[in-house]
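Take a look at the structure set out below.
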Amino acid sequence: MPAGSDAGAADLLEVHEARRRVLDAIRPVGPAVCVGLREALGRVLAVPVVAGVSVPPHRCSSMDGYAVRSADLPADGLEVELIVAGRSAAGAPHAGVVAPGACVRILTGAVVPEGADAVVIQEEVRPAGPDRIRARGPAAPGAYVRLPGSDVAAGDTVAEPGHRLGPAHLGLLASIGIGEVKVHRRPRVACFSTGDELRGIGEPLAPGQIHDSNRYTLHGLVTRAGAEVLDLGVVPDRVDAVRAAVAHAAAHADAVVTTGGVSVGDTDHVKAVVEDLGRVDFWRIAMKPGKPLAVGRVGEAMFFGLPGNPVSAAVTASVFVVPALRRLGGERSVDPVVTRARLTAPVRKQPGRLEYQRGVLSAAADGALTVTPMTGQDSHLLAALARADCLIVLPLDCGDVAAGAWVAVQPFCGLWG
Ligand code: AMP
Ligand code: MG
């Protein structure tokens, strides 16, 4: 172990291995449900969506101008006079065939009439008397013409199961006339906080007491992960109370998430209770914050016993609970977005644990992404977490990092922001 590294780090499980173990064991919850298109925003598709129609359904113009026969236009850049034989507007096609020497006034989105194979944009056309224009060649066959099925061809699979539907998918499904989709049921997640010192909002605080904040942070993260929260309140630090709460939670939810009482103090009962009622798969992880973190199972429910410190609870939830819930909700790709940014200030770190520090992203004058670590990195500094917009991910083996170095960052994106 390098000098100055974390004491006792040798028996800790590495984060990527712990994540792999958690995710590999997950099977999505069932059964799938049918929802209307608007309601499908943010839901995870349970079946493939296959297009029954092509988009666009017809050849159409991408510009305002004149539909022409490209062979009519001189290849040498000279002008030609054409008869305007009709008009094709979006939703009001021209019925006839465009004859040699003729053209049809056409507007964006309108059907390109039979006989025509190109559009000359109106900026390149001059009027030449009633129903006549002069157009300059050449016109490449297919110019400004969108082909049927160039966006979606009938029979195409436009969305795969396991995909979380965003605004563009709603539009895409509407474009092929689909108004209902089959999505995964939202996982149900029971949450409670443990701690004799914790009081709810509105309750007066006696000496030594604090407000329970973790349940609210978790409510946000669990909801953003696409799951439903079953809020079981605050549970005191008594074995019987923790036991009853874990048993009740596991019987009523797909996953149970608790905070506090998971370490080795006299009042830390969570791990022993879960070992008794179910099993703890692992509980010591080589990460900071969040070394004590019990992951296991009680009955059919996954179990996550998170540390009590507010930042530790939030970070461990985002690293383990959020991807697990997304997978439980049927989502295939649950890896966080990771990019690189240049440090504007040095960071302190001891080798031995992977560390998630909080930071703020911005762009330097040269356009590079930079990250400024929060000045306080203690695991109780919830205000600093709320000001941050990314996690700085420092690998297990690395020590202090100098200003100017490039580091991995996970922007909060839609999860926290
Ligand atoms: P524990 O993990 O139970 O030892 O708690 C570690 C620290 O986090 C203690 O200072 C607790 O008071 C604090 N803490 C635990 N649970 C919560 C909570 N739900 N909200 C705010 N602080 C908490
Ligand atoms: Mg406690």
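Quick note: the coordinates plus some simple rules give every number you see, no bench work behind them. Bear in mind the structure is a predicted one, so any value in this text is a computation, not a measurement. Please note: Cβ atoms are built from the backbone with ideal geometry, for glycine as well, and neighbour counts cover all protein chains shown.
Data table
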read-out: Order of Trp406, Trp283 - criterion: other Cβ atoms within 10 Å of each residue's Cβ, fewest first; value: Trp406, Trp283
read-out: Size of electric dipole in the range 339-415: Cβ of Lys, Arg +1 and of Asp, Glu -1, about Cα centre, debye, nearest 20; value: 40 debye
read-out: For the range 60-146, the spread of Cα positions along each principal axis, largest first, Å; value: 34, 26, 22
read-out: Coil-residue GluC sites (Glu not before Pro) of the range 242-331, DSSP, other Cβ within 10 Å capped at 15; value: Glu300
read-out: Estimated dipole of the chain in Debye, rounded to 20 [Cβ of Lys and Arg +1, of Asp and Glu -1, Cα centre]; value: 220 debye
read-out: Per-peptide average of other Cβ atoms within 10 Å, ordering 60-71, 79-90, 181-192 highest first; value: 181-192, 60-71, 79-90
read-out: Set of lysines near Lys291 by C-alpha distance (under 23 Å), chain-local residues within fewer than 8 positions excluded; value: Lys271, Lys349
read-out: Residues Arg342 and His58, FRET efficiency given R0 of 45 Å [Cβ-Cβ distance, rounded to 0.05]; value: 0.30
read-out: Using a Förster distance of 45 Å, the FRET efficiency for Ala402-Val264 (Cβ separation, nearest 0.05); value: 0.80
read-out: Length added when fully stretched, Arg38-Asp240, from 0.36 nm per residue minus Cα-Cα; value: 68.2 nm
read-out: Protection proxy ranking of 161-168, 126-133 - average other beta-carbon atoms within 10 Å, highest first; value: 161-168, 126-133
read-out: Volume in Å³ per residue [convex hull over Cα atoms, computed for the range 1-114]; value: 306 Å³
read-out: Per principal axis, descending, Cα span of the chain in whole Å; value: 95, 50, 42
